[in-house]
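Reviewing the structure listed below.
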Amino acid sequence: MTDRPTAGIKPRLVVLVSGGGSNLQSFIDACAEGSLNAQVAAVISNKAGVGGLDRAAQVGIPNIAIDHRAFDSREDFDKNLSELIDSFAPDLVVLAGFMRILTPDFVNHFLGKLINIHPSLLPAYPGLHTHQRAIDAGDSEAGATVHFVTPELDGGPSVLQARVPVLADDSAESLASRVLGFEHKIYTAAVQWFCQGRLCMENGNAILDGKSLPEQGVIFSD
Ligand code: GAR
């Protein structure tokens, strides 16, 4: 990993995906239009043939599939993955729908430079099927949270959270689609804060502009 982003040089993002890559697309678009002062240095997926790799290829960003099934253990995969990421000298590693549980060694190697978006109002609903769980519980709000990654699954300090009403006739799919629109906004905003040197993680806390953020992070408002 490189040190903190240097003034005048665009911070380098390595984006990890496992699927369609709509969050990745929002980074690509924001970099192109200048609202995100960064460059996507590489896109890496644990699955070949996914939309996220195609999106990178379309704009000439290096894109690589590294199939976790080709490795004997989670540790072995994560070691190879971290070496591959390091070869692109990232300032920030961005998990954008990367559907793998990461080993503590991997997380600790990138600690403070590893960020994720999770489709729930963390600390509610870590893990999978977040929208269905929110509907089943009768929640009035769902949403998404950008957080730094620590070894605890979906447990690192929150940076930015978007709250989205659950409608009476929502299915998991309709809710997911509405939340995804907000994900694109909050994820690019949080990554821009990091690239501007405004956001960091210190002693397990998310710090924005020198101040510790509350447990749920900043609450996004349009
Ligand atoms: C997003 O909803 C993201 O929050 C979720 O995967 C989707 C990826 O969409 N991530 C997780 O569930 C991680 N635990 P995308 O490929 O269109 O960006």
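The values are calculated or read from the model by the stated rules, or taken from the named source; none is laboratory data. Note that the structure is predicted; figures quoted are calculated from it, not measured. All Cβ positions, even for glycine, are placed from backbone atoms using ideal geometry, and neighbour counts span all protein chains on display.
Give, as residue ranges, the strands (runs of 3 or more DSSP E) completely inside the range 86-153 that count at least 2 residues that are farther than 20 Å from F182 by Cα, touching a residue at least 40 places away in the same chain (Cβ under 8 Å) and in contact with a strand residue (DSSP E or B) (Cβ under 7 Å, 6 or more places away or on another chain). Spell out the reasoning first.
Details: elements: 92-95, 114-118, 141-148.
Output list reads 92-95.
Quick check on I9: is it assigned to a loop (DSSP other than H, G, I, E, B) and at pLDDT 95 or above? I'd like the intermediate steps shown before the answer.
Working: assigned to a loop (DSSP other than H, G, I, E, B): yes; at pLDDT 95 or above: no.
No.
For (1) under 30 Å from F71 (Cα atoms); (2) crowded, with 22+ Cβ neighbours inside 10 Å, each residue gets a yes or a no:
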position: E83; (1), (2): yes, no
position: N116; (1), (2): yes, yes
position: S120; (1), (2): no, yes
position: I135; (1), (2): no, no
position: E141; (1), (2): no, no
position: T150; (1), (2): yes, no
position: A162; (1), (2): no, yes
position: R178; (1), (2): no, no
position: F182; (1), (2): no, no
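I28 fails exactly one of the following numbered conditions: (1) of a type outside the set (K, R); (2) in a helix (DSSP H, G or I); (3) within 8 Å of the ligand (Cβ to nearest atom). What is the number of that condition?
For I28, the exception is condition (3).
Give the residues of the range 37-81 that are hydroxyl-bearing (S, T, Y) and surrounded by fewer than 21 Cβ atoms within 10 Å (Cβ to Cβ), sorted by residue number.
Initially, the range 37-81 is screened for residues hydroxyl-bearing (S, T, Y), giving 45, 73.
Within the range 37-81, S73 is the sole residue that qualifies.
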